[in-house]
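Reading through the structure tokens given below for one structure.
The values are calculated or read from the model by the stated rules, or taken from the named source; none is laboratory data. Everything quoted here is computed from the prediction, not taken from an experiment. Glycine gets a Cβ as well: all are built from the backbone with ideal geometry, and neighbour counts include every protein chain shown.
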Amino acid sequence: MTASASVARGAGRVRRFWSRYGAGYLFVAPSLLFFLVFIFFPLGWSFVLSFQEFGFRGSTWVGLDNYLGLLRDPIFRQAALNTVIYSVFTVAVWVLVAMVLATLIHPLPPRLRTFFRAAYYLPAVTSAVFIALVWKWILNANPWGLANHVLSLFGAGPVGFISDPSSFAGANVALWSVILSSVLTIPAVGVVLYSAALAGIPQELYEAAETEGAGALAKFRHITVPLLKPITLYVAIIYTIAAFEVFERVYVMTGGGPGYATNTIVYLIWRTGFRFGDYGVASAQAFLLFAVIATVSVLQFRALRSEVEY
Amino acid sequence: MSRGRSAITPMIVTLALVLAACTTGQTPGGSAPAGQTPGGSGPAASGGYQGTIDWWQLGYAPGGETAAAKLVDAAVAAYEAKNPGVDIVVTGIPFDDQGLARLDTALAAGNGPDIFRIASDRLPGYGAQGVLSPIDAYLTEEDKADILPNLLEGVEYEGRHLAWPQWVPPIGFYLNNAIFEDAGVAIPDADWTVEDFQQLAQDLTTDGVYGFATYMGPASVNELTLLYNQGATVLNEDNTEYTLNSPEGVKGLQVLVDLFEAGAMPPDITTIALADVEQGFIDGRFAMMTGGSGSITNLKGNEIEFTVLPPPIGDAGETVTVGGMGTYAVPQKDDPARMAAAHRLGRYLTSAEVAEDVEGWYLAPGTRKSIKVSETTPEMAPFEEMLASVRFMPLIEDWAEVDSFIHPEIQLAVSGEKSAQEALDAIGEQVTPLLGE
């Protein structure tokens, strides 16, 4: 075989590949370019920066110092613990509430079902800052906060919901209040996803169960929950990511305080990067969070994945 | 939402820095370019510069949408009229951490403004990195004689003056006259003591009214007045040692702790926002509050009758207050003529001349003897009188971090989670390693 024949065959392969897939690649090119420039490149840059001490006139390589410093930092450890507590409770409640709500609205007439789906989706299209401001007012420590006003009608309070750092049930009052404000906000995306998934469960399964004498709870437990497992996995993962990245609620409601009671990791990242200008340490914090989220997501995937087919 | 969202966190940090990739190699320094003569801002002193000056102003909204923006537009018009050929382009940046991050990113990338307004506590950070062009080469003897010496020191870092000092809003104590009147309590004199203040705060606390409120959040010094007036300081004189946990500091913090325990401060005082303190004062919920001179406009606008007093006298034995300083800084640039022109604009914006050209330009007492803000705004007089008693926070590169360690611990002490001594010691544990760097 001559070299020219080999080159010609290679060129032919390229032409065939291009004629077969070229249009597809052209279509994804803008999106790919956007991804490379605005996601991949900044991520790579951020990773490099996490090993540097940032300076206006050039950064200095510090190896693992930023990461090791964080592991020794009591404020970071407190923020990490707060984030884990927040995530565990909010994700568990969000998933449960979304599944129950979707199950409750599923048997409703189509018009009513559409109404509730739209109503429950409202929080997703409402400004997170606005929602946090409303909760700040509701939980205001003074008598003019809604919750304290209600308590005062019963001769109780005022309670420093978001200004009390004292220990309570394994965390502190202020953190529990932030968690409460989150779990009482309807998990909009979950409701919609579960509603769509419920529509895909064959009715015959429920009819067969009814024939066997199963009640509503038994059908929910033995048919609905297992068959929703793939969606539960997805919902759990996206809510875990959202919970670990909690920021605006903390920023607006408590500013991370009192003390460090409601500091979370993303709040610390913001503070370290934008207030201290310490972008190297902020990048290291971001990548530690990235690693934690990735690990938790993998664990969730392993625990919840299933081979359900229906 | 998707898995990709987890990538957002690192991106938040990085996107702000991508522009910094183009950092230009500029040499820090501070000498006036050859042939450039420092002087006033009139045509004779324009230095012959013809061209654009980019001015970044925190909180500016184009088109004169706010009162502050109107003042800026008027100052630009006045300066351009006196300096034909100079075209000033004002860019507004948000008066918050995001705005400051944008400024930092632009400075890191070397494509920042020619002049920008900045608080003095951020100067050391820029100074340590050689980002700024010091004003020393442009300071005339006239300037040195005019600017109050303790205020000129407020922009000094490692022997160089980093920015043009404009004004100083010292922290004063606002008293709501109506609440005092309703309670039948007389407004005290300016030489009131901490004991007087404590008693008043408790006497004025009634159903729906708290005697005292102060902001305890980051990037502020409000609550520190009650520690400084006892003689405490955050660091020692040469900024090498943490000293806030001194007996004076503990005594000052204990005043806040006692007031909270006595119910004379609102239950959310540890997390209340700065604006909410002022709003509570306006609404008649707080009888006294701490605040800078910037509150005057808002209070007058809401037709609130108030009295401003200096902080009560503590163990320091004299009036002591704390404050920051508003300054105009000029970044290092490759174009010496443009940099010199920016310095001349900086001098103008911090002079008595601009006050004559633009009525109401100074929203706080000016740093020069030639500026008398109280002549146009009588309520400013108590703040002007406090100027000689102002203590500034230490000018160190890591002040933002030090500041971030102070307030949470004070909040914990006030909440009763820690004693005053424990809280102040805990700050020291965080701050001391920074001082050793």
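Pairs are defined by a Cβ separation below 6 Å, a sequence spacing of at least 6 or placement on different chains, a first member in the range B:126-146 that is closer than 13 Å to B:Ala163 by Cα, and a second member that is of a type in the set (Ser, Thr, Tyr); the pairs so defined are B:Gly127/B:Tyr157; B:Leu132/B:Tyr126; B:Ala137/B:Ser31. Taken together, the residues in the range B:210-238 that are over 20 Å from A:Phe276 (Cα atoms) and assigned to a loop (DSSP other than H, G, I, E, B) amount to 10. Go through (1) surrounded by 20 or more Cβ atoms within 10 Å (Cβ to Cβ); (2) touching a Leu at 6+ places or on another chain (Cβ under 6 Å) and name the single condition A:Tyr239 misses. The number of the failed condition is (2).
In the set A:Gly259, A:Gly273, which member is more than 21 Å from A:Leu175 (Cα to Cα), modelled with pLDDT under 95 and surrounded by 23 or more Cβ atoms within 10 Å (Cβ to Cβ)? Only one candidate passes the filter, namely A:Gly273. Being not hydroxyl-bearing (Ser, Thr, Tyr) and not assigned by TED's automatic domain parsing to the domain that holds B:Trp192 is the requirement here; does B:Ala275 meet it? In short, no.
The residue that is farthest from A:Gly255 (Cα to Cα), among those in the range B:249-274 that are of a type outside the set (A, V, I, L, M) and away from chain A (no Cβ under 14 Å), is B:Lys251. In summary, B:Ile296 fulfils each of the numbered conditions (1) in contact with a Gly (Cβ under 9 Å, 6 or more places away or on another chain); (2) under 30 Å from B:Asp196 (Cα atoms) with the single exception of condition (1). A:Gly255 satisfies every condition listed in (1) touching a residue at least 24 places away in the same chain (Cβ under 8 Å); (2) not in a helix (DSSP H, G or I) except (1). For the residues B:Gly292, B:Gly284, the requirement of being under 21 Å from B:Asn177 (Cα atoms), surrounded by fewer than 19 Cβ atoms within 10 Å (Cβ to Cβ) and outside the structural domain of B:Tyr362 (by TED's automatic domain parsing) singles out B:Gly284. Among residues that are small (Gly, Ala, Ser) and away from every other protein chain (no Cβ under 11 Å), A:Gly24 is included. Look at the range B:90-102: where a residue is within 10 Å of chain A (Cβ to nearest Cβ) and a partner is of a type in the set (A, V, I, L, M, F, W, C) and assigned to a helix (DSSP H, G or I), sitting 6+ places away or on another chain with Cβ atoms under 9 Å, you get B:Asp97/A:Trp270; B:Asp97/A:Phe274; B:Gln98/A:Phe274; B:Leu100/A:Phe274; B:Ala101/A:Phe274.
Name the residues in the range B:189-209 that are assigned to a loop (DSSP other than H, G, I, E, B) and over 30 Å from B:Met325 (Cβ atoms), would you? The answer is B:Leu204, B:Thr205, B:Asp207, B:Gly208.
Among the residues of the range A:238-290, those identified as facing chain B (nearest Cβ under 7 Å) and touching an Asp or Glu at 6+ places or on another chain (Cβ under 6 Å) are A:Val266, A:Phe274, A:Arg275, A:Phe276, A:Gly277. Each residue in the range A:143-171 was checked for being touching a residue at least 40 places away in the same chain (Cβ under 8 Å), more than 9 Å from chain B (Cβ to nearest Cβ) and either outside any loop (DSSP other than H, G, I, E, B) or at negative phi (or both), and 1 pass. Just one residue in the set A:Pro30, A:Pro42 is assigned to a helix (DSSP H, G or I), surrounded by 13 or more Cβ atoms within 10 Å (Cβ to Cβ) and not acidic (Asp, Glu); that residue is A:Pro42.
Which one is surrounded by the most Cβ atoms within 10 Å (Cβ to Cβ) among residues in the range A:56-82 that are within 14 Å of another protein chain (Cβ to nearest Cβ) and farther than 16 Å from A:Ala284 by Cβ? Taking the candidates together, the pick is A:Asn82. Residues that are surrounded by fewer than 17 Cβ atoms within 10 Å (Cβ to Cβ) and touching a helix residue (DSSP H, G or I) at 6+ places or on another chain (Cβ under 8 Å) within the range B:53-81 comprise B:Gly59, B:Ala61, B:Pro62, B:Gly63, B:Gly64, B:Ala67, listed in sequence order.
Taking the numbered list (1) modelled with pLDDT of 95 or more; (2) more than 22 Å from B:Gln430 (Cβ to Cβ) in turn, B:Gly252 passes all entries but (2). Can you find even one residue in the range A:111-125 that is exposed (fewer than 14 other Cβ atoms within 10 Å of the Cβ), part of a helix (DSSP H, G or I) and within 14 Å of chain B (Cβ to nearest Cβ)? Yes, because at least one residue in the range A:111-125 is exposed (fewer than 14 other Cβ atoms within 10 Å of the Cβ), part of a helix (DSSP H, G or I) and within 14 Å of chain B (Cβ to nearest Cβ). Restricted to the range B:124-157, and to residues that are assigned to a helix (DSSP H, G or I) and either touching a His at 6+ places or on another chain (Cβ under 6 Å) or among the aromatic types (Phe, Trp, Tyr) (or both), which residue is surrounded by the fewest Cβ atoms within 10 Å (Cβ to Cβ)? So, considering only residues that are assigned to a helix (DSSP H, G or I) and either touching a His at 6+ places or on another chain (Cβ under 6 Å) or among the aromatic types (Phe, Trp, Tyr) (or both), the one surrounded by the fewest Cβ atoms within 10 Å (Cβ to Cβ) is B:Asp136. The residue pairs whose first member lies in the range B:48-71 and is in contact (Cβ under 8 Å) with a residue 24 or more places away in the chain, whose second member is of a type in the set (A, V, I, L, M, F, W, C) and part of a loop (DSSP other than H, G, I, E, B), and whose beta carbons are closer than 6 Å, counting only pairs six or more residues apart or on different chains, are B:Leu58/B:Phe95; B:Gly59/B:Phe95; B:Leu71/B:Val358; B:Leu71/B:Trp361. The residues of the range B:158-188 that are surrounded by fewer than 24 Cβ atoms within 10 Å (Cβ to Cβ), part of a loop (DSSP other than H, G, I, E, B) and in contact (Cβ under 8 Å) with a residue 60 or more places away in the chain, listed by number, are B:Pro169, B:Ile187, B:Pro188. When residues in the range B:265-299 are screened for being part of a loop (DSSP other than H, G, I, E, B) and under 19 Å from the mean Cα position of the chain (by Cα), 4 of them pass. Residues of the range A:101-110 that are surrounded by 12 or more Cβ atoms within 10 Å (Cβ to Cβ) and assigned to a helix (DSSP H, G or I): A:Leu101, A:Ala102, A:Thr103, A:Ile105. Answer yes if at least one residue in the range B:302-316 is surrounded by fewer than 22 Cβ atoms within 10 Å (Cβ to Cβ), in contact with a helix residue (DSSP H, G or I) (Cβ under 9 Å, 6 or more places away or on another chain) and within 14 Å of chain A (Cβ to nearest Cβ), and no otherwise. Within the range B:302-316, not a single residue is surrounded by fewer than 22 Cβ atoms within 10 Å (Cβ to Cβ), in contact with a helix residue (DSSP H, G or I) (Cβ under 9 Å, 6 or more places away or on another chain) and within 14 Å of chain A (Cβ to nearest Cβ).
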